[in-house]
Amino acid sequence: MKTLHTTGMPNYSTLLAVFDRYHSFALSTHINPDGDAIGSELALYTFLSEIGKSVKVFNTDAVPKNYKFLPGWDIIEGVNAVETYRPEVLVVLDASTLERIGKPLSKTLLPIHKLVNIDHHATAEAFGDINLIMPAASSTSEIVYKLIKHYQTPIGKACALCLYTGIMFDTGCFRYSNTTPETHQIAAELIEIGEFAPDEVYRNVYEQLPVAKLRLLSEVLRTLQVTNNGKIASVYATQEMLRKTGTNADAVEGIVNQIQAIAGVEVALCVSEMTDRSTKVSLRSQGHVDVSQLAAEFEGGGHARAAGCRIVDHYLTALTTLVQTAQRYMEQSSSKYTD
Ligand code: 5GP
Ligand code: MN
């Protein structure tokens, strides 16, 4: 396995040579796909199609409703569509491990020649034959943008909209610490090329909430607990809450960001009871604790400030363990700061 350009000046030529050499491509991304996952994959789909390649996209989970404004969303197929299809090249986007595309898909969608991994997670594994891993990039969409630029082909309108959406999503609308002057420069260029209205993109992604989701939010916020020192905040969502509000586990996404906004909170946690009795965990940090390391203790991963994992245990037991672990990380980080 070969890792390309994880540090220093990136040179994309090896990957671009693969794009030139082969004809049939499949793309995939992580389960419960978000704006960067769908955005980067549809941008690469558009680009490869425009340079004359045959491209198919297979995802384990359906495209969430709020991304159905993105051009090409309806070409994305499910696991069952793979059947005997074998692309020459499989490109996996925004997934820190191959299994993150979903275990069954990772076993059935097999490339004949090359597995390519494009990712920006701090915990990214170099599982590809070619790995374009750039933890300093704001998003996988930013990496795809740079890749296309190196191919020296103009970025099309549809592609620009997909890339912008991915970057906007993964920077929390240009608020997170991964937002740089360059991120804004790229975003500005994409708005010019795509001729879309940024406020409409925002509205499509964030302001299509079903009432049920707000009702769930109110249920979940009722479970809010903050540690005595005010630094760790947590909430939980149960199957009973989902049933009562007529929502599913996807509706829990984003709630963790709300509690992270509490003054003085360093680590925010949201755990969800899943139907198989396991617990899905979302973690956020204001910067003192690297939650990707915390999540890695439970076989999860992500970024320093946003990470997640699954724990095979009751959600309340998982929550207690997580708060204790977060406390340990807080203590370690405060001793680091006072040393
Ligand atoms: P979220 O809390 O929004 O679901 O996820 C935050 C970040 O953590 C994302 O970058 C996501 O890729 C990562 N993440 C969430 N759950 C898991 C998990 O179970 N395993 C790994 N490796 N990463 C996760
Ligand atoms: Mn991403």
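Scan (1) more than 25 Å from Pro33 (Cβ to Cβ); (2) within 16 Å of ligand 2 (Cβ to nearest atom); (3) of a type outside the set (Ser, Thr, Tyr) for the single condition Gly301 breaks and write down its number.
In the conditions (1) more than 25 Å from Pro33 (Cβ to Cβ); (2) within 16 Å of ligand 2 (Cβ to nearest atom); (3) of a type outside the set (Ser, Thr, Tyr), Gly301 misses (1) alone.
Among the numbered criteria (1) touching a Pro at 6+ places or on another chain (Cβ under 9 Å); (2) more than 16 Å from ligand 2 (Cβ to nearest atom); (3) open to solvent by less than 20 Å² (accessible area, probe 1.4 Å), which single criterion is violated by Asp94?
It is condition (2) that Asp94 fails.
Counting only residues that are in contact (Cβ under 8 Å) with a residue 60 or more places away in the chain and surrounded by 21 or more Cβ atoms within 10 Å (Cβ to Cβ), which one in the stretch 250-277 is nearest to ligand 1 (Cβ to nearest atom)? Step through it out loud before you land on a result.
First, pick out the residues of the stretch 250-277 that are in contact (Cβ under 8 Å) with a residue 60 or more places away in the chain: 250, 253, 257, 266-267.
Of the ones still in play, those that are also surrounded by 21 or more Cβ atoms within 10 Å (Cβ to Cβ) are 266-267.
Details: Glu266: 16, Val267: 13 Å.
Among those residues, the one meeting the criterion is Val267.
Which of the residues belonging to the stretch 137-151 are over 14 Å from Asn11 (Cβ atoms) and either away from ligand 2 (no atom under 16 Å from the Cβ) or not in a loop (DSSP other than H, G, I, E, B) (or both)? Spell out how you get there, then give the answer.
Of the stretch 137-151, the ones over 14 Å from Asn11 (Cβ atoms) are 137-142, 144-145, 148.
Selection gives Thr140, Ser141, Glu142, Val144, Tyr145, Ile148.
Among the residues of the stretch 93-136, count how many are in a strand (DSSP E or B) and in contact with a Gly (Cβ under 7 Å, 6 or more places away or on another chain).
Here is the first cut: in the stretch 93-136, the residues in a strand (DSSP E or B) are 93, 114-119, 130-133.
Imposing the further condition that a residue be in contact with a Gly (Cβ under 7 Å, 6 or more places away or on another chain) reduces the set to 115-117.
So the answer is 3.
On the basis of being charged (D, E, K, R) and over 23 Å from Ala122 (Cα atoms), does Asp250 make the cut? Show your work before the answer.
On the way: charged (D, E, K, R): yes; over 23 Å from Ala122 (Cα atoms): yes.
Here the answer is yes, as Asp250 does meet what is asked.
Select from the stretch 96-111 the residues that are free of Cβ contacts under 8 Å to residues at least 40 places away in the same chain and either within 16 Å of ligand 1 (Cβ to nearest atom) or under 21 Å from Ser54 (Cα atoms) (or both) and list them in ascending order. If you could, list the steps in order and put the result at the bottom.
Of all residues in the stretch 96-111, those free of Cβ contacts under 8 Å to residues at least 40 places away in the same chain come to 98-99, 103, 106-108, 110.
Listed by number, the residues that qualify are Leu98, Glu99, Lys103, Ser106, Thr108, Leu110.
When the stretch 137-152 is examined, which residues are found to be more than 13 Å from Asp36 (Cβ to Cβ) and in contact (Cβ under 8 Å) with a residue 40 or more places away in the chain? Show your work before the answer.
Within the stretch 137-152, the subset more than 13 Å from Asp36 (Cβ to Cβ) is 146-152.
Answer for the stretch 137-152, where residues must be more than 13 Å from Asp36 (Cβ to Cβ) and in contact (Cβ under 8 Å) with a residue 40 or more places away in the chain: Lys146, Leu147, Ile148, His150, Tyr151.
A quick yes/no check of all residues on (1) at pLDDT 95 or above; (2) surrounded by 15 or more Cβ atoms within 10 Å (Cβ to Cβ):
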| position | (1), (2) |
| --- | --- |
| Asn178 | no, yes |
| Val220 | yes, yes |
| Arg243 | yes, no |
| Asn248 | no, no |
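Quick one: what pairs do we get from the stretch 290-315, first residue over 23 Å from Arg175 (Cα atoms), second within 6 Å of ligand 1 (Cβ to nearest atom) and open to solvent by 50 Å² or more (accessible area, probe 1.4 Å), C-beta under 8 Å, 6+ apart or different chains?
Phe298/Arg310; Glu299/Arg310; Gly300/Arg310
Go through the stretch 180-206 and count every residue that is open to solvent by 60 Å² or more (accessible area, probe 1.4 Å) and under 19 Å from the mean Cα position of the chain (by Cα).
Narrowing the stretch 180-206 to residues open to solvent by 60 Å² or more (accessible area, probe 1.4 Å): 181-182, 184-185, 192, 195, 199-200, 202-203, 206.
Imposing the further condition that a residue be under 19 Å from the mean Cα position of the chain (by Cα) reduces the set to 202, 206.
Summing the residues that are open to solvent by 60 Å² or more (accessible area, probe 1.4 Å) and under 19 Å from the mean Cα position of the chain (by Cα) in the stretch 180-206 gives 2.
Do you know which residues across the stretch 122-147 are open to solvent by 20 Å² or more (accessible area, probe 1.4 Å) and within 27 Å of Arg86 (Cβ to Cβ)?
Selection gives Ala124, Glu125, Ala126, Phe127, Asp129.
So that you can scan it fast, the table gives a plain yes or no per residue for (1) within 15 Å of ligand 2 (Cβ to nearest atom); (2) open to solvent by less than 40 Å² (accessible area, probe 1.4 Å):
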{"position": "Leu16", "(1), (2)": "no, yes"}
{"position": "Arg21", "(1), (2)": "no, no"}
{"position": "Leu42", "(1), (2)": "yes, yes"}
{"position": "Gly52", "(1), (2)": "no, no"}
{"position": "Val57", "(1), (2)": "no, yes"}
{"position": "Thr60", "(1), (2)": "no, no"}
{"position": "Phe69", "(1), (2)": "no, no"}
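The values are calculated or read from the model by the stated rules, or taken from the named source; none is laboratory data. Keep in mind the model is a prediction, meaning the values are calculated, not measured. Please note: Cβ atoms are built from the backbone with ideal geometry, for glycine as well, and neighbour counts cover all protein chains shown. These area figures cover heavy atoms from the full protein model, side chains too; ligands, DNA and RNA do not enter into them. Shrake-Rupley method; radii C 1.70, N 1.55, O 1.52, S 1.80 Å.
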